[in-house]
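Input: a single structure, listed below in structure tokens.
What follows draws every value from the coordinates through simple rules; no lab data is involved. All values reported here derive from a predicted model rather than from experimental measurement. Cβ sites come from the backbone with ideal geometry, for glycine too, and all protein chains shown count toward neighbours.
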Amino acid sequence: MTTFSMVAGKERTNSETLASVPKFRLKLLPLATIYGPNASGKSNLIKALDFFKTFVTTPRLKGKIPLCHFYFSENKNPISKFEIWILVRELIYEFKIACTEDEILYEELIERNSRSEKTLYLREENKVQINPNIDSHDAIQCIADRSLDRPCPLLTTLSSMKFRPFEEVFNWFSETLKVIHQNSFLIPYGLDIGGNDSRNALLSELLKSTDTGISALVSTPVSESSLCLPPSERNELLSTVCCHGSQLIREAGGARILAHYEDGDLTFSRLSAVHEISGKKYLIPLEEESTGIRKIIDLAPAIVDLLLSKKDCVYVIDGIDHGLHTEVDYWLVRSFLEKVGTTTRKQLIFTTHDTNLLRRANLRRDEIWFVERQQHSSSHLVNAVEFEGLRNDSSLQKLYEEGRLGGCPKLVDSVKPQSF
């Protein structure tokens, strides 16, 4: 059982970056960074959030519930439990769910305000009870009773009927929470490449400000047949594009294809980078660009949302530093923290190996987490504020690199070859 929290502690540094929720007397962190060695479980935290998001936002789940269990256990079909507290329109919602690969065993949605709380619905033992005081109770109860045999959350079903507040909580999962993996086939992409809108101008400015040498991106239409998409990937692409708009496809060779849903089907365009050298423009395919530049292009919508968009967003990024220079990491973190304040409802959560951020980014200690693999191969997640005896002027970078905060690989000397 692991708990991860974005509620600020008692630390007083950088208090101006904290989001204030006066109704609950809460201060929320805008950022969390997660450190740990390879195979420690950092990505599993991201995968758990991604599973939760996918499970809630998939209305017609086929087959078994796609859980990924702890391998080093004798129980081959354990009960997996998830619980999340989220802020939606200045109310706190607590959503719980327990399931196996075959069925949902428990589900509950609780709404909290400053003085009271109420259970909106409770599902257990093949029964569901809807709060009798909510609007349209009878209709909601009838729909919920008929949906119990489906392997999807009631939240998913009830939100599709446009019942509030179920729809608003569902929208937090589908629109506010965005998860980006290092090697995911698809990346949500909300920028209009080649268009004349302000977001495309911001993309060009972003590429220039991060010293990529690129002045703009352009897209060229391509046929679907030239992409040779496997049926499984095409089906995944079609479902995600229909629900979430454009998607960026990562091809094995490094190319980036932008997929749209138009006139009832998929359309595709290939991205290229524009370089301006001595007054001339050169078009370079993205597969010819560096890994770092492709990473910046992949993250561009997230960076634009975090730095410039006015909408609420929670970005969870696995390996944000993969392929990026440490200066770009630092620029992104500091630029984001300079944009947040008491009324901001944006958050950035990421895993990283870039220890320079511990020294240079002036992070609060409650924004720093460490993951360590324990003897039985489970993961232990600990916040930096939990370490006792740390002085305010202690160098977390030095302490972490010395292995005194955990979350570092335990290396052994190489085995010397034997002569025979």
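Based on the alpha-carbon gyration tensor of segment 29-97 and its eigenvalue square roots a ≥ b ≥ c, which shape applies: rounded if a/c is under 1.5, prolate if not and a/b is larger than b/c, or oblate?
Values: a/c = 2.07, a/b = 1.14, b/c = 1.82.
Since a/c reaches 1.5 but b/c is at least a/b, the shape of segment 29-97 is classed as oblate.
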Using a simple spin-label model with points 7 Å from Cα along the Cα→Cβ vector, what separation in nm is obtained for Ala252 and Thr267? 3.0 nm
Would you please give the FRET efficiency between Thr326 and Arg391, computed as 1/(1 + (r/R0)^6) with r the Cβ-Cβ distance and R0 = 25 Å, to the nearest 0.05? 0.45
Site Ser116, offset 7 angstrom along Cα→Cβ, radius 15 Å on amide nitrogen, limited to segment 127-166, gives 131-135
Determine which lysines satisfy two conditions relative to Lys281: a Cα distance under 22 Å, and not lying fewer than 8 residues away in the same chain. Lys208
Along the charge dipole of the chain, pointing to its positive end and built from +1/-1 on Cβ of Lys, Arg, Asp and Glu, which listed residue (Ser136, Leu324, Ile104) has its Cα farthest out? Leu324
Decide, for the chain, between rounded, prolate and oblate: order the square roots of the alpha carbon gyration tensor eigenvalues as a ≥ b ≥ c, take rounded if a/c falls under 1.5, and otherwise choose prolate if a/b is larger than b/c, else oblate. rounded
Given the options Ser204, Ser160, Ser246, state which has the largest fluctuation in a GNM of the chain using a 10 Å cut-off (strictly under) for Cα springs. Ser160
Residue order, fewest to most surrounding Cβ atoms within 10 angstrom, among Phe185, Phe72: Phe72, Phe185
Simple spin-label estimate for Ala201 and Ile65 in nanometres, 7 Å along Cα-Cβ: 4.8 nm
Plugging the Cβ-Cβ distance of Asn126 and Thr342 into 1/(1 + (r/R0)^6) at R0 = 60 Å yields, to the nearest 0.05, a FRET efficiency of 0.85
Theoretical gain in end-to-end length, Asp149 to Thr58 [0.36 nm per residue, Cα-Cα removed]: 31.2 nm
Work out, step by step, the length gained on full extension between Val382 and Lys162: first 0.36 nm times the residue separation, then minus their alpha carbon distance; give nm to one decimal. 75.3 nm
Overall form of segment 130-199 per C-alpha gyration tensor (a/c, 1.5; a/b vs b/c): prolate
Say R0 is 22 Å: what FRET efficiency, to the nearest 0.05, do Lys208 and Cys242 get from their beta-carbon distance? 0.05
Nearby lysines by direct alpha-carbon distance to Lys53 (threshold 16 angstrom, same-chain neighbours under 8 apart not counted): Lys81, Lys96, Lys178
For Lys23, counting only aspartates and glutamates whose alpha-carbon sits under 20 Å away and dropping same-chain residues fewer than eight positions off, the answer is Glu90, Glu94, Glu111, Glu117, Glu168, Asp312
May I ask you to give the average projected area over all directions of the convex hull of the Cα atoms of segment 249-378, in nm² rounded to one decimal? 13.0 nm²
